[in-house]
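The values are calculated or read from the model by the stated rules, or taken from the named source; none is laboratory data. Computed from a predicted model, the values in this text were never measured in an experiment. Here the Cβ positions follow ideal geometry from the backbone for every residue, glycine too, while neighbour counts run over all protein chains shown. Ligands, DNA and RNA are excluded from the accessible area calculation, which covers all protein heavy atoms including side chains. Shrake-Rupley method; radii C 1.70, N 1.55, O 1.52, S 1.80 Å.
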Amino acid sequence: MTQPPAGDPPYQSMPGPRRHRGPMTALLTVTVVLLLCAAGGVAAFLTLRNTESGEGAPDPSVAVDDFLTAVYQERDAASAARLVCSAARDQDRIRAKVAEIETYVSTHQNPRFRWDSPTVDNETGDRATVTTTVTVTTSDEKIADQDLRFTVIRRSGWWVCEVS
C-alpha cells in the first residue's frame, strides 16, 4: 500500500494559556471584604462621633436647671461641662463664664442667684428650646434680671448645647 502524498497537515489550533481563576477569585474576595470593613468603620464613626459620655438629664428643663445650679450656685466649671453636649463642650469658655460669676460675687455685696423654673417653649424630636430668667439680688437690695434661652438636645438624655 502506498501512502497518500504528503501535503499540508490539517489545521491545528495552538492551545491558549491556561487560566488560573483561583488567585483572581481570592483577590476579589479580599477586596470586597476590605471595602465592607472600611464602610462599616466609616458608618460606626459617623454614628458614634457625637455621642455623649454619661447620661444626660431626664428632660430639657432639668438639664437647664442642673446647668444653672452648676454655674451660678456651685460655680463649678467641671460640673457644668458634664451637662453640656459634646459639640459645645468648650472647657475654656465654661471656665471663663464661671470666673465671670466669681468676679461678680467678689465685687458685689453678698449676691444671690435664683431663676424661674425653666420652661420648655418648643420641643421637636431630639431638640428643645428652654427659657428662664436668672435674677441676682444683692444685700444692698440691687436686683438684676437676665432672660436666657437654651437649646437642649437629646442623646442618652438631655444636654445643654447653646445659651443665648
Be a star and scan region 135-157 for residues whose amide nitrogen sits under 12 Å from the point 7 Å along the Cα-to-Cβ vector of Asn122. 150-152
How much of the accessible area of region 98-160, probe 1.4 Å, is carbon plus sulfur, in whole percent? 42
With the other protein chains left in place, how much accessible area per residue, in square angstrom, belongs to region 55-96 at a 1.4 angstrom probe? 51
Note down the nm distance, to one decimal, between modelled labels 7 Å out along Cα→Cβ at Ala87 and at Thr69. 2.7
